[in-house]
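The structure under discussion appears below in the form of structure tokens.
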Number of protein chains: 4
Amino acid sequence: MPETVHDFRSDNVGGAAPEILEAIVAANTGTAAPYGDDDWTRRMIQRFSDVFERPVQVFPVATGTGANSVALSALANPYGAIYCHETAHINVYECGSPEFFTGAKLVGLPGRDCKLDPAALDEALGLAGRGNPTRVQPFALNITQPTDFGTLYTAGEVAALSAVAHRHGLRVHMDGARFANAVAALGCSPADLTWRSGVDVLSLGATKNGAINAEAVVVLDPGLAAAIPYRMKRGGQVLSKARFVSAQLERYLADGRWLERAGRANALAADLARRLEAIPGVRLVAPVQVNMLFLRLPDVAVRALDSGPFRFYKLGRDVRFVCRADQEPEGIDALVKCVREAVAAGR
Amino acid sequence: MPETVHDFRSDNVGGAAPEILEAIVAANTGTAAPYGDDDWTRRMIQRFSDVFERPVQVFPVATGTGANSVALSALANPYGAIYCHETAHINVYECGSPEFFTGAKLVGLPGRDCKLDPAALDEALGLAGRGNPTRVQPFALNITQPTDFGTLYTAGEVAALSAVAHRHGLRVHMDGARFANAVAALGCSPADLTWRSGVDVLSLGATKNGAINAEAVVVLDPGLAAAIPYRMKRGGQVLSKARFVSAQLERYLADGRWLERAGRANALAADLARRLEAIPGVRLVAPVQVNMLFLRLPDVAVRALDSGPFRFYKLGRDVRFVCRADQEPEGIDALVKCVREAVAAGR
Amino acid sequence: MPETVHDFRSDNVGGAAPEILEAIVAANTGTAAPYGDDDWTRRMIQRFSDVFERPVQVFPVATGTGANSVALSALANPYGAIYCHETAHINVYECGSPEFFTGAKLVGLPGRDCKLDPAALDEALGLAGRGNPTRVQPFALNITQPTDFGTLYTAGEVAALSAVAHRHGLRVHMDGARFANAVAALGCSPADLTWRSGVDVLSLGATKNGAINAEAVVVLDPGLAAAIPYRMKRGGQVLSKARFVSAQLERYLADGRWLERAGRANALAADLARRLEAIPGVRLVAPVQVNMLFLRLPDVAVRALDSGPFRFYKLGRDVRFVCRADQEPEGIDALVKCVREAVAAGR
Amino acid sequence: MPETVHDFRSDNVGGAAPEILEAIVAANTGTAAPYGDDDWTRRMIQRFSDVFERPVQVFPVATGTGANSVALSALANPYGAIYCHETAHINVYECGSPEFFTGAKLVGLPGRDCKLDPAALDEALGLAGRGNPTRVQPFALNITQPTDFGTLYTAGEVAALSAVAHRHGLRVHMDGARFANAVAALGCSPADLTWRSGVDVLSLGATKNGAINAEAVVVLDPGLAAAIPYRMKRGGQVLSKARFVSAQLERYLADGRWLERAGRANALAADLARRLEAIPGVRLVAPVQVNMLFLRLPDVAVRALDSGPFRFYKLGRDVRFVCRADQEPEGIDALVKCVREAVAAGR
């Protein structure tokens, strides 16, 4: 019998939540107009409007990179700049997709805990050369929430960044691939964390939290939606049978399970962090605020994990563990045990 | 009780075939690496290699436009031209997506029954200005099979076009959004219709024939596959939980049902055509070779259909009916009856 | 002593007019801010405003393709379509540059004498699918004046086309690489031929009529100018020492010599056409309205020209002769003589 | 009588050197094929091959940004990365043109004195994710020589950077907008500073050193030249009357004057730096190695300069002075006097 693998690579290694799968099956009835002109999509948009406490426009897409690139293209000018943290997902892990869809340049700023700092943003925008044709012209700020290192912006921090951005004439995009984890951890409403804090367009990911290739471009400022259908088609992002993605997204926000799942993943990560930190030689390299841990482990521990039934990613000299809502508790226990014993033996 | 709607708009208005839905449900087990590095995708690639009788590379994507654009970008140079029929789907109905992904210009040629003619292609390529820097340089031929007007190329016709293209230094892309309908109608093998006839890359659509947002970029010449993963990521086409699309595609080709369904849809269309043609004043504007009919109807008939429980598209003065494998037979009967009675009354 | 070559290839094979060269030399004094922020450029803009009888914005560039692409990019949306005649220079001889700068698709329409027809344009735009996200959205009409085959639109014809374009929400671009030849031939004012006939942006070429790599993007609707400096810089079109191009353009329009030169070239072409047409077997394939002739010659005549001291281009089975203002009269005589004698001998 | 202005803004505020203007005038004879297929261009290419001590391909263009973008596009893949110093001209002052022409992302690295460090480059490339489709793939290194802050790489430093780049599979581009100043200051040959040090493509600027909108894309590795004509045309960079730019470039390198001029400008800058540095409170913020000075001046000095007959640029809190070969000596004296007196009075 093969050993059970404990998979900490990412939250997209998991499958679909039961109610999401049921929603797909339930949507398989009758005919529906293609490309999002269907009742499931209309109900989904209504659901988002309810949850976000205002009328929003929502476009279902299959990939997170597609959602980010479409969202940014709705804000774009083709000689422009998108400001973001230098570690932002759009800047590092999307193979230039935002640049491709927008024609713009990404300007990465440094910042503690992978977070943008309003004062530093203000200074950078002040030096950006607005009106100087030799310089790309800033048009958007990207806030990755949570960041790629699992840190969070409070609603107040988002609002402070948005205020700077808007003062300099930029629109604000939030990359919420793990938006559920942020909402669950911060305990504030989706509205508070987005449009009430100045966010204009949100990429809301459901895939990492129980859906199947289902992401939403949520346009919080309705004036920005007009060109999106064309941008999507041009980018190969318009789903033929959109109802099967819209049905997922509608069901996703229909009750509290999305936040329960995200909260459970967050709690597992906090527990794992607490237990690993207690082991000598183990050091967190970023605060654990959602479901991701970044650690520096003693070499013996890394070697022990490598030869055990564990799956995880290495980033340079650090390791990353991501917890899922359906992470098996014995996996957490086994991982902690493996590290603890390796360290003890290695001393 | 609402009247049953008879939907002839397109084959993507239907849902999922039972075994496809089962494959999605069955794939919802355990963890899997994201982005296509999973066992479902590997099994799918093996299945395609079996069906196409040679080792092929296959990339699962969610949209037909994405599949076409990715496939063409694998052949592209950015100062190039893609030759196609002037009515080709990529030229008319993809909002410039192939141009966006490739940087190339589409050159549409006329041709009877919406089909390219080898001699005309040869002449056009001879006048294309190979080596002249003021002219875009041809690099790809697109064959839409079946065409957007439901006509077919025989394997011999594909081979003749490919031979011209290859002689002029072009690669050949087949847009097979309805590939199943073509194979079912022509009764030849997928291999005969593609690489044995000179096709280098195929977009194989499963969505219109019973799958859920599942399309495949099938690279028949393995040397063309290297850059595709980057092109896909840059285009926002890489699926996070690819296993759920790969599982569909694997199941799709696993037995004869894909061809049974396509054959049934083709037969329904042939029957519908035969019965409509018998009505005075009804005229087919293109041969019915797969599951699509294009007709010129008397105005009274169009008005009658408009006020009945029918859904269909108009193209200028013509109407289009598309049949699905699960088209209800009473819908066919009702449509024929409606047209017949309207014409009789209108005389 | 080498035989004198008679060069009918194009009007850009000639050199600079004396006063243009003097303007360059005269501009070589003192320092001047780079990139067009200089007094020569300001005087040039004033000169254009005087000649065009309204305040215009003008951007000096070095190439005609650059001028067209920059002008069109000022009108562009990136999921758009530019309508033009299928033989338009931007559609055939600029290696995809307009598509590159705009992200748009060019839609070429047929039309007698290489000219667009208002009714056909109206019909095409009516079928273009405005508002349908699967279709590129028309945003600009390109009028090539004169056409690449040397035919002309009257001011009334330009106005009729512009009216159709504006009614469908398109802006109008005129490619005036040989604008001088058009104005000289039609005898109407630059204003009448452009903004009074609905043209929004004009590419005015001076290079083919006595200048050195000096072209102007003339923005007739001032509201369209804001983004052009950024578009130009991004396209590598901003001249460091712009004064040397602006000085040419200012001098070019400063008196009547630009029209005298163009008129002389037109007259030479008319004379050449008249004399060649009188030879049996010689047939004009397009009306000669400016300084270009397109002819079908007997094979013996082509062979005789090929072995004589003549330079000219062939287009398929036709030949093209272009006359310059400084064309040597003995070249015209020699060419006519060569064709006449060849035909006579060949009979 | 107006006060004489002393212009230290840039070296492109000056005019043309006498022999360059003579070359333009001399080229105005007879007809010549357009687009670079002329004898002046052929002689120019031969001249470059002589000066660079190997057969090179050379493409004349009108702008420095055009030269850089064309050169980089010859190396490009469209999902790629170009590594450069974070202050590189291509990264800051070209409004995204290199990204536009290549489709690639620029990755700016920090480095002392605005220079790239081989070890830091090696480390960055090691972490770049070669083969990982979520990451842009490095294909080119840009070396700006001299840097935008007037510092220089020795031939040995160029070779060390090229070696790192080539080991990681990158090609090397040198932005030599002020190549003459570098060669004059370093006293080594053009060949030593470029291909013998691993440079594959060079943008050689002549405009800032006495030419009129004349820049050269110098392809040192002939295998890279094939696509450049198409890239140029698509980018609107092909000059109609190329002979007038080629004639300048040929004359530019025909004798030692280009290096004499550059050396004189360098010497003036060194002298100005020496004299300003001797003034209390004046601090150089970068070593003065060519003809550019970057200084921190006391506020009183900046105010005094602002109200005097001086023209110069401010960069944040610093000022920049650029010397030209034809800088009037009394301007240098006046500037030094103004600063010295302002500082003395301000104490």
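Does D:Phe149 satisfy the criteria of being more than 19 Å from D:Leu72 (Cα to Cα) and in contact (Cβ under 8 Å) with a residue 40 or more places away in the chain?
Working: more than 19 Å from D:Leu72 (Cα to Cα): yes; in contact (Cβ under 8 Å) with a residue 40 or more places away in the chain: yes.
For D:Phe149, the condition - more than 19 Å from D:Leu72 (Cα to Cα) and in contact (Cβ under 8 Å) with a residue 40 or more places away in the chain - is met.
Report the residue count in the stretch C:202-223 for those that are of a type outside the set (Ser, Thr, Tyr) and either at the interface with chain D (Cβ under 9 Å from one of its Cβ atoms) or over 21 Å from the mean Cα position of the chain (by Cα) (or both). Give the derivation first.
Initially, the stretch C:202-223 is screened for residues of a type outside the set (Ser, Thr, Tyr), giving C:202, C:204-206, C:208-223.
Add one more test, that the residue is either at the interface with chain D (Cβ under 9 Å from one of its Cβ atoms) or over 21 Å from the mean Cα position of the chain (by Cα) (or both), and what stays is C:205, C:208, C:211-213, C:215, C:222-223.
Of the residues in the stretch C:202-223, 8 are of a type outside the set (Ser, Thr, Tyr) and either at the interface with chain D (Cβ under 9 Å from one of its Cβ atoms) or over 21 Å from the mean Cα position of the chain (by Cα) (or both).
Just wondering, is there one or more residues in the stretch A:286-300 that are surrounded by fewer than 24 Cβ atoms within 10 Å (Cβ to Cβ), touching a Lys or Arg at 6+ places or on another chain (Cβ under 6 Å) and not in a loop (DSSP other than H, G, I, E, B)? Walk me through how you get there before you give the answer.
Restricting attention to the stretch A:286-300, the residues satisfying the condition of being surrounded by fewer than 24 Cβ atoms within 10 Å (Cβ to Cβ) are A:286-287, A:289, A:294-300.
Checking which are touching a Lys or Arg at 6+ places or on another chain (Cβ under 6 Å) leaves us with A:294, A:296.
This time we only want the ones that are not in a loop (DSSP other than H, G, I, E, B), so: A:294, A:296.
Within the stretch A:286-300, one or more residues are surrounded by fewer than 24 Cβ atoms within 10 Å (Cβ to Cβ), touching a Lys or Arg at 6+ places or on another chain (Cβ under 6 Å) and not in a loop (DSSP other than H, G, I, E, B).
Tell me the residue from A:Val322, A:Val285, A:Val336, A:Val302 that is more than 14 Å from chain D (Cβ to nearest Cβ), farther than 27 Å from D:Ala124 by Cα and β-branched (Val, Ile, Thr), please.
Values: A:Val322 fails: farther than 27 Å from D:Ala124 by Cα; A:Val285 fails: farther than 27 Å from D:Ala124 by Cα; A:Val302 fails: farther than 27 Å from D:Ala124 by Cα.
Being more than 14 Å from chain D (Cβ to nearest Cβ), farther than 27 Å from D:Ala124 by Cα and β-branched (Val, Ile, Thr) holds for just one of A:Val322, A:Val285, A:Val336, A:Val302, which is A:Val336.
Considering every residue within the stretch D:149-170, establish whether at least one is in a strand (DSSP E or B) and either within 27 Å of A:Arg135 (Cβ to Cβ) or within 14 Å of chain B (Cβ to nearest Cβ) (or both).
The answer is no; no qualifying residue exists.
Need the failing condition index for D:Arg112 against (1) surrounded by fewer than 22 Cβ atoms within 10 Å (Cβ to Cβ); (2) within 13 Å of chain C (Cβ to nearest Cβ); (3) closer than 30 Å to A:Ile90 by Cα, just the number.
The number of the failed condition is (2).
Please work out which one of (1) more than 19 Å from the chain's Cα centre (by Cα); (2) surrounded by fewer than 24 Cβ atoms within 10 Å (Cβ to Cβ); (3) at positive phi is the condition A:Gly187 fails and give its number.
It fails just one condition, (1).
How many of the residues in the stretch B:92-104 are of a type in the set (A, V, I, L, M) and not in a loop (DSSP other than H, G, I, E, B)?
Keep residues of the stretch B:92-104 that are of a type in the set (A, V, I, L, M), which gives B:92, B:104.
Still in the running and not in a loop (DSSP other than H, G, I, E, B): B:92.
Of the residues in that region, 1 qualify.
Which of the residues that make up the stretch A:171-208 are under 26 Å from A:Leu295 (Cα atoms), in a helix (DSSP H, G or I) and among the charged types (D, E, K, R)?
A:Lys208
What residue, of D:Thr147, D:Thr154, is out of contact with any helix residue (DSSP H, G or I) (no Cβ under 6 Å at 6 or more places or on another chain) and closer than 30 Å to D:Asp255 by Cα? Before the answer, list the steps.
Working: D:Thr147 fails: out of contact with any helix residue (DSSP H, G or I) (no Cβ under 6 Å at 6 or more places or on another chain).
After ruling out the rest, the residue left standing is D:Thr154.
Among (1) among the charged types (D, E, K, R); (2) outside the structural domain of A:Met44 (by TED's automatic domain parsing); (3) touching a Ser or Thr at 6+ places or on another chain (Cβ under 9 Å), which single condition is A:Arg275 missing?
Among (1) among the charged types (D, E, K, R); (2) outside the structural domain of A:Met44 (by TED's automatic domain parsing); (3) touching a Ser or Thr at 6+ places or on another chain (Cβ under 9 Å), A:Arg275 violates only (3).
Being in contact (Cβ under 8 Å) with a residue 24 or more places away in the chain, buried (at least 19 other Cβ atoms within 10 Å of the Cβ) and not in a helix (DSSP H, G or I) is the requirement here; does C:Val245 meet it? Before you say what the answer is, go through the steps one by one.
Values: in contact (Cβ under 8 Å) with a residue 24 or more places away in the chain: yes; buried (at least 19 other Cβ atoms within 10 Å of the Cβ): yes; not in a helix (DSSP H, G or I): no.
No.
Free of Cβ contacts under 8 Å to residues at least 12 places away in the same chain, more than 14 Å from chain D (Cβ to nearest Cβ) and either farther than 30 Å from A:Ala104 by Cα or crowded, with 24+ Cβ neighbours inside 10 Å (or both): does that describe C:Arg274? Give the derivation first.
Values: free of Cβ contacts under 8 Å to residues at least 12 places away in the same chain: yes; more than 14 Å from chain D (Cβ to nearest Cβ): yes; either farther than 30 Å from A:Ala104 by Cα or crowded, with 24+ Cβ neighbours inside 10 Å (or both): yes.
Judged against the criteria, C:Arg274 is a match.
For residues in the stretch B:309-330 being within 21 Å of B:Ala17 (Cβ to Cβ) and assigned to a loop (DSSP other than H, G, I, E, B), which is farthest from the chain's Cα centre (by Cα)?
Filtering first and then ranking leaves B:Glu328.
Matching residues to (1) touching a Lys or Arg at 6+ places or on another chain (Cβ under 7 Å); (2) in a helix (DSSP H, G or I); (3) within 14 Å of chain D (Cβ to nearest Cβ); (4) not polar (S, T, N, Q):
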site: C:Val70; (1), (2), (3), (4): yes, yes, yes, yes
site: C:Cys84; (1), (2), (3), (4): no, no, no, yes
site: C:Ile90; (1), (2), (3), (4): no, yes, yes, yes
site: C:Leu106; (1), (2), (3), (4): no, no, yes, yes
site: C:Asp122; (1), (2), (3), (4): no, yes, no, yes
site: C:Gly129; (1), (2), (3), (4): yes, no, no, yes
site: C:Thr134; (1), (2), (3), (4): yes, no, no, no
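Could you pull out the residue among C:Asp37, C:Asp50 that is modelled with pLDDT under 95, out of contact with any Ser or Thr (no Cβ under 9 Å at 6 or more places or on another chain) and in the same structural domain as C:Ala120 (by TED's automatic domain parsing)? So that I can check it myself, show each step before the final result.
Working: C:Asp50 fails: modelled with pLDDT under 95.
C:Asp37 is the lone residue from the list that is modelled with pLDDT under 95, out of contact with any Ser or Thr (no Cβ under 9 Å at 6 or more places or on another chain) and in the same structural domain as C:Ala120 (by TED's automatic domain parsing).
Filter the stretch C:11-43 down to the residues that are over 22 Å from the mean Cα position of the chain (by Cα), more than 7 Å from chain D (Cβ to nearest Cβ), among the small types (Gly, Ala, Ser) and buried (at least 23 other Cβ atoms within 10 Å of the Cβ) and list them by number.
The answer is C:Ala23, C:Ala27, C:Gly36.
Kindly list, by first and then second residue, each pair from a residue in the stretch D:278-289 that is farther than 16 Å from D:Thr151 by Cα to a residue that is of a type in the set (Val, Ile, Thr) and surrounded by 14 or more Cβ atoms within 10 Å (Cβ to Cβ), limited to pairs with Cβ atoms under 7 Å and residues at least 6 apart or on different chains.
Within 7 Å, the pairs are D:Ile279/D:Val339; D:Ile279/D:Val343; D:Pro280/D:Val343; D:Gly281/D:Val343; D:Val282/D:Val339.
Quick check on my filter: what residues within the stretch A:311-330 are out of contact with any helix residue (DSSP H, G or I) (no Cβ under 6 Å at 6 or more places or on another chain) and either at pLDDT below 95 or farther than 17 Å from A:Arg274 by Cα (or both)?
Initially, the stretch A:311-330 is screened for residues out of contact with any helix residue (DSSP H, G or I) (no Cβ under 6 Å at 6 or more places or on another chain), giving A:311-322, A:326, A:328-330.
Hits for the stretch A:311-330 are A:Arg311, A:Phe312, A:Tyr313, A:Lys314, A:Leu315, A:Gly316, A:Arg317, A:Asp318, A:Asp326, A:Glu328, A:Pro329, A:Glu330.
Just to check your reading of the model, which residue among D:Arg178, D:Arg257 is farther than 26 Å from C:Ser97 by Cα, crowded, with 24+ Cβ neighbours inside 10 Å and either in contact with a strand residue (DSSP E or B) (Cβ under 7 Å, 6 or more places away or on another chain) or away from every other protein chain (no Cβ under 14 Å) (or both)?
On the way: D:Arg257 fails: crowded, with 24+ Cβ neighbours inside 10 Å.
On inspection, the qualifying residue turns out to be D:Arg178.
Which condition breaks for C:Pro60 when tested against (1) more than 8 Å from chain D (Cβ to nearest Cβ); (2) under 20 Å from the mean Cα position of the chain (by Cα); (3) farther than 18 Å from C:Arg243 by Cβ?
All conditions are met except number (3).
Restricting to the stretch C:225-242, give me the number of residues that are without any contact (Cβ under 8 Å) to a residue 24 or more places away in the chain and more than 8 Å from chain D (Cβ to nearest Cβ).
Counting residues in the stretch C:225-242 that are without any contact (Cβ under 8 Å) to a residue 24 or more places away in the chain and more than 8 Å from chain D (Cβ to nearest Cβ) gives 1.
Only one residue in A:Glu157, A:Glu215 is in contact (Cβ under 8 Å) with a residue 12 or more places away in the chain and over 27 Å from A:Ile20 (Cα atoms). Which one? I'd like the intermediate steps shown before the answer.
Numbers: A:Glu215 fails: over 27 Å from A:Ile20 (Cα atoms).
Only one candidate passes the filter, namely A:Glu157.
I'd like the full set of residues that are surrounded by fewer than 24 Cβ atoms within 10 Å (Cβ to Cβ) and either in contact (Cβ under 8 Å) with a residue 60 or more places away in the chain or hydrophobic (A, V, I, L, M, F, W, C) (or both), limited to the stretch C:82-99.
C:Thr87, C:His89, C:Val92
The values are calculated or read from the model by the stated rules, or taken from the named source; none is laboratory data. Because the structure is a prediction, the values reported are computed rather than measured. Positions of Cβ are backbone-derived with ideal geometry, glycine not excepted, and every protein chain shown enters the neighbour counts.
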